[in-house]
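One structure, as structure tokens, below. Some questions next.
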Amino acid sequence: MQVKAPRGTYDLLPGQIERWQWLIAQAREVFTQYGYGEIITPIFEHAELIERGVGETTDIVSKQMYTFSDKSGRRLTLRPEWTAPVVRAYLEHNLHARPQPVKLYYIGPSFRYERPQAGRYRQFHQLGAEAIGSADPALDAEMIAMPIELYRRLGLSRFVILLNSIGCPVCRPAYRQALRAALAPHLEELCPVCRTRYDLNPLRILDCKSEKCHELSAGVPASREFLCRECADHFAQVQAILEAFGLEYRLDDRLVRGLDYYTKTVFEVTSPDLGSQSSLLGGGRYDGLVEECGGPPTPGVGFAAGMERAMSVMEEQGLNPPVKGGPDVFVVTAGGSRAGEYGVRLRGLALLNELRRAGLTAETDYMNRSLKAQLKAAGRLSSRFALIIGSEEMAKNTVQIKDMQQGTQEELPLDSDLIGWIQQRIGGSKQ
Ligand code: AMP
């Protein structure tokens with residue numbers, strides 16, 4: 001039997017999970033502050049939704065989908081990204097009838113059959129947001145400012161914001177023509193994929209990974225030079241808002257999303273602290289997507305950030321959540337579970353249960369350790385108090401309570417307000 005996780009997947013264990021949970025907690029806080037509500041969609045969707053929503057010519061749809069048939073022959077796909085599912089939910093639940101824009105955020109796994117390498121997995125996790133129902137450039141800027149604020153709170157300090165505008169169905173045909181004209185002399189030298197892109201979708205030649213295609217497309221005109229009045233105004237406003245937010249950005253001609261329903265603003269945030277997979281997040285405006293998915297014409301904008309990428313920078317730079325203390329109480333039972341002594345253990349477990357029900361974090365020994373070893377374990381866990389019960393205490397109906405920080409010890413009657421006594425000493429936060 002294989003005792004390895006499937007290729008491109010990994011486990012998160014205590015020791016790492018604290019950082020993960022911190023990332024999620026901070027993200028929820030930031031999203032909430034910016035007025036976004038959480039959405040959870042199914043992990044699988046109808047394959048057709050993803051094919052239409054993400055686009056048949058994208059790498060995701062053409063190469064990276066986990067698509068399968070269920071027992072009734074439905075063609076289903078493990079979600080490779082969240083925008084199409086969120087747009088589907090927006091339509092299915094008539095969210096367009098609510099006050100617009102509808103601002104949603106998500107946190108969860110996505111699946112792509114990619115070649116795994118550092119920072120690239122087959123099951124990875126994304127957090128992101130979508131604002132649907134408004135064409136306001138303030139939302140484009142918010143989709144950049146919001147995750148940057150999240151990174152700032154986590155302590156990430158270095159990133160590069162790349163920005164571009166790819167126009168709209170009004171101005172893009174002229175740009176496409178200009179691009180084809182500029183590339184026509186080199187058509188035969190392009191990679192086979194780009195040769196088909198030339199007719200279908202020449203914008204995508206700009207983000208081809210092949211070095212040769214990169215070189216050949218170096219001098220082509222930029223989409224920004226072809227923007228119609230509306231797109232140019234919109235882009236100028238996005239830039240002005242980013243500047244008003246004090247965010248520096250770099251214009252990048254190569255940043256494209258070569259699909260008709262992606263419009264106007266596109267952006268990416270990269271980190272110099274990541275290796276070859278340097279993209280922390282990507283996003284943009286998609287004013288044609290809701291319609292593509294069968295809804296009324298509705299503008300939208302969003303971003304998706306890779307959680308593993310943020311984790312990797314945090315790990316590299318030693319960015320850790322504020323240290324949490326150990327348990328409030330470690331219940332030490334002297335006598336263990338040997339025959340005749342179970343009464344002590346039972347009393348200890350009942351107390352442990354009571355402490356936990358009162359909202360305290362409480363631990364005990366499960367390895368039948370000696371009294372000394374149990375106290376050592378309590379110390380190792382940085383427990384604040386050790387509550388000790390032995391046969392003597394049982395007989396007197398008392399407990400010994402040891403303050404592990406001060407080293408002092410007191411004996412208290414079992415029927416006293418033990419919990420109140422502890423709560424008082426660890427401060428008001430646990431009341
Ligand atoms: P995309 O949906 O391709 O624009 O990706 C958005 C973000 O998700 C990227 O900037 C990465 O941070 C992250 N991401 C995408 N694919 C993967 C992957 N296979 N493994 C880890 N992170 C990924």
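The values are calculated or read from the model by the stated rules, or taken from the named source; none is laboratory data. Note that this is a predicted model, so its numbers are computed, not measured. Every residue, glycine as well, gets a Cβ built from its backbone with ideal geometry; the counts of neighbours run over all protein chains shown. Side chains are part of the model used for accessible areas, which takes the heavy atoms of the whole protein and leaves out ligands, DNA and RNA. Shrake-Rupley method; radii C 1.70, N 1.55, O 1.52, S 1.80 Å.
Taking segment 367-404 as the search range and keeping residues that are under 29 Å from Gly427 (Cβ atoms) and of a type in the set (S, T, N, Q), which one is surrounded by the fewest Cβ atoms within 10 Å (Cβ to Cβ)?
Asn397
Next question. Starting from segment 26-55, keep only residues that are without any contact (Cβ under 8 Å) to a residue 40 or more places away in the chain, then list their pairs with residues that are of a type in the set (A, V, I, L, M, F, W, C) and in a loop (DSSP other than H, G, I, E, B) whose Cβ atoms are within a distance under 7 Å, requiring at least 6 positions of separation or different chains.
Ile50/Met65
Now for a separate question. Spot the failing condition for Ser312; the list is (1) open to solvent by 20 Å² or more (accessible area, probe 1.4 Å); (2) more than 21 Å from Ile107 (Cα to Cα), and only one is missed.
(2)
Moving to a separate point now. If you take the residues of segment 102-146 that are within 13 Å of the ligand (Cβ to nearest atom) and of a type in the set (Gly, Ala, Ser), which of them is surrounded by the fewest Cβ atoms within 10 Å (Cβ to Cβ)?
Ala118
Right, next: For segment 265-360, give me every one of the helices (runs of 4 or more DSSP H) that falls completely inside it and has 3 or more residues that are modelled with pLDDT of 95 or more and in contact with a strand residue (DSSP E or B) (Cβ under 6 Å, 6 or more places away or on another chain).
Numbers: elements: 289-292, 307-316, 342-357.
Of the helices (runs of 4 or more DSSP H) lying wholly inside segment 265-360, those with at least 3 residues that are modelled with pLDDT of 95 or more and in contact with a strand residue (DSSP E or B) (Cβ under 6 Å, 6 or more places away or on another chain) span 307-316, 342-357.
Sort out which residues of segment 224-270 are open to solvent by less than 50 Å² (accessible area, probe 1.4 Å) and more than 31 Å from the chain's Cα centre (by Cα), and write them in order of number.
The answer is Leu227, Cys228, Ala232.
Then there's this: Take the residues in segment 50-76 that are among the acidic types (Asp, Glu) and in a helix (DSSP H, G or I); name whichever of them is least open to solvent (accessible area, probe 1.4 Å).
Glu51
Give the residue that is nearest to the ligand (Cβ to nearest atom), with candidates limited to residues of segment 82-94 that are outside any helix (DSSP H, G or I) and open to solvent by 10 Å² or more (accessible area, probe 1.4 Å).
Applying the filter and picking the extreme gives His93.
Now for a different question. Mind telling me which of the residues Glu142, Glu149 ends up being more than 23 Å from Thr263 (Cβ to Cβ) and of a type in the set (D, E, K, R)?
Glu149
Quick check on my filter: what residues within segment 118-153 are under 13 Å from the mean Cα position of the chain (by Cα) and farther than 15 Å from Ile24 by Cα?
Gln123
Could you check, for segment 309-328, whether at least one of its residues is within 22 Å of the chain's Cα centre (by Cα) and among the hydroxyl-bearing types (Ser, Thr, Tyr)?
Yes, the conditions are met somewhere in segment 309-328.
Have a look at Arg98, Arg79 and point out the one that is among the basic types (Lys, Arg), without any contact (Cβ under 8 Å) to a residue 60 or more places away in the chain and either within 12 Å of the ligand (Cβ to nearest atom) or open to solvent by less than 10 Å² (accessible area, probe 1.4 Å) (or both).
On the way: Arg98 fails: either within 12 Å of the ligand (Cβ to nearest atom) or open to solvent by less than 10 Å² (accessible area, probe 1.4 Å) (or both).
Within the list Arg98, Arg79, the selection yields Arg79.
Of everything in segment 25-42, what is β-branched (Val, Ile, Thr) and either surrounded by 15 or more Cβ atoms within 10 Å (Cβ to Cβ) or at positive phi (or both)? Give them in sequence order.
Within segment 25-42, Val30, Ile39, Thr41 meet the criteria.
Give the residues of segment 271-300 that are open to solvent by less than 20 Å² (accessible area, probe 1.4 Å) and of a type in the set (A, V, I, L, M, F, W, C), sorted by residue number.
If the condition is that a residue be open to solvent by less than 20 Å² (accessible area, probe 1.4 Å) and of a type in the set (A, V, I, L, M, F, W, C), then Leu280, Leu281, Leu289, Val290 are the ones that fit.
Continuing with this model, one more query. Of the numbered conditions (1) open to solvent by 20 Å² or more (accessible area, probe 1.4 Å); (2) modelled with pLDDT of 95 or more; (3) more than 18 Å from Ala27 (Cβ to Cβ), Cys171 satisfies every one except a single condition; which is it?
(1)
Of the residues that make up segment 138-147, is at least one touching a residue at least 40 places away in the same chain (Cβ under 8 Å) and under 22 Å from Gly295 (Cα atoms)?
Yes, segment 138-147 contains a residue that is touching a residue at least 40 places away in the same chain (Cβ under 8 Å) and under 22 Å from Gly295 (Cα atoms).
Just one of Arg158, Arg152 is open to solvent by 10 Å² or more (accessible area, probe 1.4 Å), within 16 Å of the ligand (Cβ to nearest atom) and farther than 24 Å from Ala84 by Cβ; which is it? Give the derivation first.
On the way: Arg152 fails: within 16 Å of the ligand (Cβ to nearest atom).
Of the residues listed, the single one that is open to solvent by 10 Å² or more (accessible area, probe 1.4 Å), within 16 Å of the ligand (Cβ to nearest atom) and farther than 24 Å from Ala84 by Cβ is Arg158.
Answer with yes or no whether Phe303 is surrounded by 19 or more Cβ atoms within 10 Å (Cβ to Cβ) and away from the ligand (no atom under 14 Å from the Cβ).
For Phe303, the condition - surrounded by 19 or more Cβ atoms within 10 Å (Cβ to Cβ) and away from the ligand (no atom under 14 Å from the Cβ) - is not met.
From Glu243, Glu189, Glu215, which residue is free of Cβ contacts under 8 Å to residues at least 24 places away in the same chain and farther than 30 Å from Ala135 by Cβ?
Numbers: Glu243 fails: farther than 30 Å from Ala135 by Cβ; Glu189 fails: free of Cβ contacts under 8 Å to residues at least 24 places away in the same chain.
Sole residue among the options that is free of Cβ contacts under 8 Å to residues at least 24 places away in the same chain and farther than 30 Å from Ala135 by Cβ: Glu215.
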